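The values are calculated or read from the model by the stated rules, or taken from the named source; none is laboratory data. Bear in mind that the values here come from a model prediction, so they are computed numbers and not experimental data. Heads up, the Cβs are rebuilt from the backbone with ideal geometry, glycines too, and the neighbour counts pull from every protein chain shown. Note: accessible area is taken over every heavy atom of the protein model, side chains too, but ligands, DNA and RNA are not part of it. Shrake-Rupley method; radii C 1.70, N 1.55, O 1.52, S 1.80 Å.
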Amino acid sequence: MTIDLSRTKKIIEKNKDKKGALIGILQEIQSVYGYVPRESVDLVAREMSVYPVNIYGILTFYAQFYLQPRGRHIIRVCQGTACHVMGGKELLDYLSRKLGIADGQTTKDGLFSLERVACLGCCGMAPVIMINNEFYGGVTIQKLDELVKEYSEKKG
Amino acid sequence: MERKVLICMGTSGVSAGARQVAENFERELEKRNLSGKYQIVRTGDRGLFRDVLVDIINPELGRITYQYIKPENVVELVESHIVEGKVLEKYRTKDDYKRFFEKQKRIVMANCGEIDPENIEDYISSGGYKAVKKVLSMNPAEVIEEVKKSGLRGRGGGGFPTGTKWEFAARVNASPKYIICNADEGDPGAFMDRSVLEGDPHAVIEGMIIAGYAIGASEGYIYCRAEYPLAIRRLEIALKQARKKNFLGEKIFGSGFSFELKIKQGAGAFVCGEETALIASIEGKRGMPVARPPFPAVKGLWGKPTIINNVETLANLPHILNKGGDWFASIGTEKSKGTKVFALAGKVKNTGLIEVPMGTTIRELIYGPGGGMASSIPFKGVQIGGPSGGCLPEKLLDTPIDYESITQTGAIMGSGGMIVMDQSTCMVDIARFFLEFTVAESCGKCVPCRIGLKRMHEILEKITRGAGKEEHINFLGDMSETIKNTALCGLGNTAPNPVLTTLKYFREEYDSHISEKECPSHACVDLIKFEVMEDKCKKCGKCFKVCPTGAVEWKVKEYAKINKDKCIKCKACINACPFMAIK
């Protein structure tokens, strides 16, 4: 797969002279490509005169950055305190078994990525999962089965 | 009385279909030529999770609140309530709704659920931006004096007096100075900042302008979690509107004071709640704390004096300046003034945000607005203050909520997360859970936090697996003390609290894991046999219904049985059983 680097270039141009812009640039790159490609990192390093290792230092420090392409549907399972008490860990274990991937991984067909998140901040609806940008509260194992089926069949 | 329809559009409301409900109201009113008569207000969350809450206000029936409203219920509501003038009792909130609100005192949350957060006029007509105007006619030292008089203390966890903190920065002769709003609400179990940002973003902005004027800052940042997309969007809208009105920008209200605000999105690191780490993150670096002093108030962002205040702290400011420091100081206890918003969740009936005066007891909060336990399984403990806090037992429920009293128990006020646990929650597992979190979130800079917490977590894992030893208890105690005393920042200093408090108040649970290899709460999966206890089973079949593999065998009026060959130990049955009948 070749990466269209012109979009990275544009992002760098736009932000280059702003103070403390590096994290913002990487966030924008990720929102364009869905992850931060190695080629983009190299370009940012050259243009901003920083070492790639410093950029990777940032990318691996913050939970939000991804160095690999992710699945079409991102399932985030909340592991906050309220969700833990209400069975959030069991949901994550079950999904992991069902999809055959550990958290942080993507299914072979590229359909689902599974992620654990520390807290989605809707503790009153615990246990909570988020698929793409939709929140689902009061989730049970049955509901997970239904949701995975629903999203598997979703086109686009 | 105006005619209005209020629709709760916080994250929880939206996830339950609030957008469609609002659209349906617009359509149904239009169909009946009533559009001009009723104003539809899309509000933030008012703090109670009842899916979509809808208030209809008119002079004929007053204000009636409906709960769990689905898009398809709207026609019926409009027809009955608005056209025929009859309250639709089946959707109306019950006594528990009234009980949730009656003991609360809403200052920070006053506008949440009442105004449209995307409309600055709504905020202005509720008294918004009056405080800024007033402040600009005072001199900065007077503003600081007023805040000191109010006794306001930082709501993000530390509880440091806000006015005193400002004074440090105001005294430094340097330029520029910065104000930062810490909206990186990372504590698992806390969501008040999110609701304030989503429900009343202008209050936070107004608070920042006041703080900026007081310390002489010309610029500010709102550092908000990227996990809160709705909050960020509403902040962006609010900033744009405020600029247009010249509440932000050059020469605010024609005064000599200019102030500008930017949003910075966090990238997902709990440690960035720590002041120096947050500053590093805004500067575009790894969010690693540095030793203090110098404190950020003297040397902060880009080496300049910087004040970091939490969302809830800032949202209190307009009220304090409008009504006076003495008014605020009249609420609460001797050393903790005003109110505190708590995020109540876990095994209680009413989960949500509850704002009460300082000095209210934990019991009053859980059994008043919280409505008591959610099921027949009895109370075991309450976790206060997130990963830096602790678990408190029943006998401490009458502790008043103020900074000093809570700290004395071994927990901390923290940002106000409060998770209620019943007898089915294992306290050793909770300690393990929090350590898992802090181990993952430790930035790795200092040894006590990076390695010490990891060792503690390994031991707790062993205990929950049934491989614990007697000497592990002493190890946990010693290591906790060492880390508390030697870690670089607040994350490490407080990370042992969940272990220390569970050891102190729930020691017997550690003992039964270690010596009897039993988890009394039937929560630790390696210690569960997955057997139904017939003396406790009420033959209800709930376990049967939730089992995803068909391992639970059950017929009406018979005890359930678990076929261990089919069981995948997912614990669905245990979580569903209201009688704790599976061990």
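With respect to (1) more than 7 Å from chain B (Cβ to nearest Cβ); (2) open to solvent by 40 Å² or more (accessible area, probe 1.4 Å); (3) in contact with a helix residue (DSSP H, G or I) (Cβ under 9 Å, 6 or more places away or on another chain); (4) among the hydroxyl-bearing types (Ser, Thr, Tyr), the lone exception for A:Thr140 is condition (1).
Those helices (runs of 4 or more DSSP H) of segment B:275-331 in which 2 or more residues are among the aromatic types (Phe, Trp, Tyr) occupy B:325-329.
In segment A:6-21, the qualifying residues are those that are among the hydrophobic types (A, V, I, L, M, F, W, C) and modelled with pLDDT of 95 or more, and the one that is surrounded by the fewest Cβ atoms within 10 Å (Cβ to Cβ) is A:Ile12.
Assess whether B:Gly452 counts as being touching a Lys or Arg at 6+ places or on another chain (Cβ under 8 Å), of a type outside the set (Lys, Arg) and crowded, with 21+ Cβ neighbours inside 10 Å. I'd like the intermediate steps shown before the answer.
Values: touching a Lys or Arg at 6+ places or on another chain (Cβ under 8 Å): no; of a type outside the set (Lys, Arg): yes; crowded, with 21+ Cβ neighbours inside 10 Å: yes.
No.
Looking at the structure I just gave you, is A:Leu91 in a helix (DSSP H, G or I) and not assigned by TED's automatic domain parsing to the domain that holds A:Val41? For A:Leu91, the condition - in a helix (DSSP H, G or I) and not assigned by TED's automatic domain parsing to the domain that holds A:Val41 - is met.
Taking segment A:34-88 as the region of interest, how many residues are farther than 29 Å from B:Asp422 by Cα, within 13 Å of chain B (Cβ to nearest Cβ) and either open to solvent by less than 50 Å² (accessible area, probe 1.4 Å) or not in a helix (DSSP H, G or I) (or both)? If you could, list the steps in order and put the result at the bottom.
Of segment A:34-88, the ones farther than 29 Å from B:Asp422 by Cα are A:34-74.
The next check asks that each one be within 13 Å of chain B (Cβ to nearest Cβ); those that pass are A:36, A:44, A:48, A:50, A:53-66, A:74.
Subsequent filtering for residues that are either open to solvent by less than 50 Å² (accessible area, probe 1.4 Å) or not in a helix (DSSP H, G or I) (or both) retains A:36, A:44, A:48, A:50, A:55, A:57-59, A:61-66, A:74.
Number of matching residues: 15.
For segment B:158-185, which residues satisfy the criterion of being assigned to a loop (DSSP other than H, G, I, E, B) and crowded, with 23+ Cβ neighbours inside 10 Å? Even if it seems obvious, please write down each step before you answer.
Residues of segment B:158-185 assigned to a loop (DSSP other than H, G, I, E, B): B:158-160, B:172-177, B:184-185.
B:Asp184, B:Glu185 - these are the residues of segment B:158-185 that are assigned to a loop (DSSP other than H, G, I, E, B) and crowded, with 23+ Cβ neighbours inside 10 Å.
Is it the case that some residue within segment B:21-34 is of a type in the set (Lys, Arg), assigned to a helix (DSSP H, G or I), open to solvent by 60 Å² or more (accessible area, probe 1.4 Å) and away from chain A (no Cβ under 14 Å)? Within segment B:21-34 (the criterion being of a type in the set (Lys, Arg), assigned to a helix (DSSP H, G or I), open to solvent by 60 Å² or more (accessible area, probe 1.4 Å) and away from chain A (no Cβ under 14 Å)), the answer is yes, since at least one residue qualifies.
Going residue by residue through segment B:366-378, is there one that turns out to be touching a Ser or Thr at 6+ places or on another chain (Cβ under 6 Å), within 14 Å of another protein chain (Cβ to nearest Cβ), part of a strand (DSSP E or B) and touching a residue at least 24 places away in the same chain (Cβ under 8 Å)? Break it down into steps so the answer makes sense when it comes.
In the first step, residues of segment B:366-378 are kept if they are touching a Ser or Thr at 6+ places or on another chain (Cβ under 6 Å); the result is B:377.
In the following step, the residues that additionally are within 14 Å of another protein chain (Cβ to nearest Cβ) were identified as B:377.
If we keep only those that are part of a strand (DSSP E or B) too, we end up with none.
No, that holds for no residue.
Give the residues of segment B:4-17 that are touching a helix residue (DSSP H, G or I) at 6+ places or on another chain (Cβ under 9 Å) and modelled with pLDDT of 95 or more, sorted by residue number. Once the filter is applied, which keeps residues that are touching a helix residue (DSSP H, G or I) at 6+ places or on another chain (Cβ under 9 Å) and modelled with pLDDT of 95 or more, segment B:4-17 yields B:Val5, B:Ile7. Can you name the number of the only condition in (1) more than 24 Å from B:Gly381 (Cα to Cα); (2) within 14 Å of chain A (Cβ to nearest Cβ); (3) in a helix (DSSP H, G or I); (4) open to solvent by 30 Å² or more (accessible area, probe 1.4 Å) that B:Cys543 fails? So the condition that B:Cys543 fails would be (4).
Any idea which of B:Ala214, B:Ala231, B:Ala226 is modelled with pLDDT of 95 or more and either open to solvent by 10 Å² or more (accessible area, probe 1.4 Å) or not in a loop (DSSP other than H, G, I, E, B) (or both)? Break it down stepwise before answering.
Numbers: B:Ala231 fails: modelled with pLDDT of 95 or more; B:Ala226 fails: modelled with pLDDT of 95 or more.
Going through B:Ala214, B:Ala231, B:Ala226 in turn, the sole match is B:Ala214.
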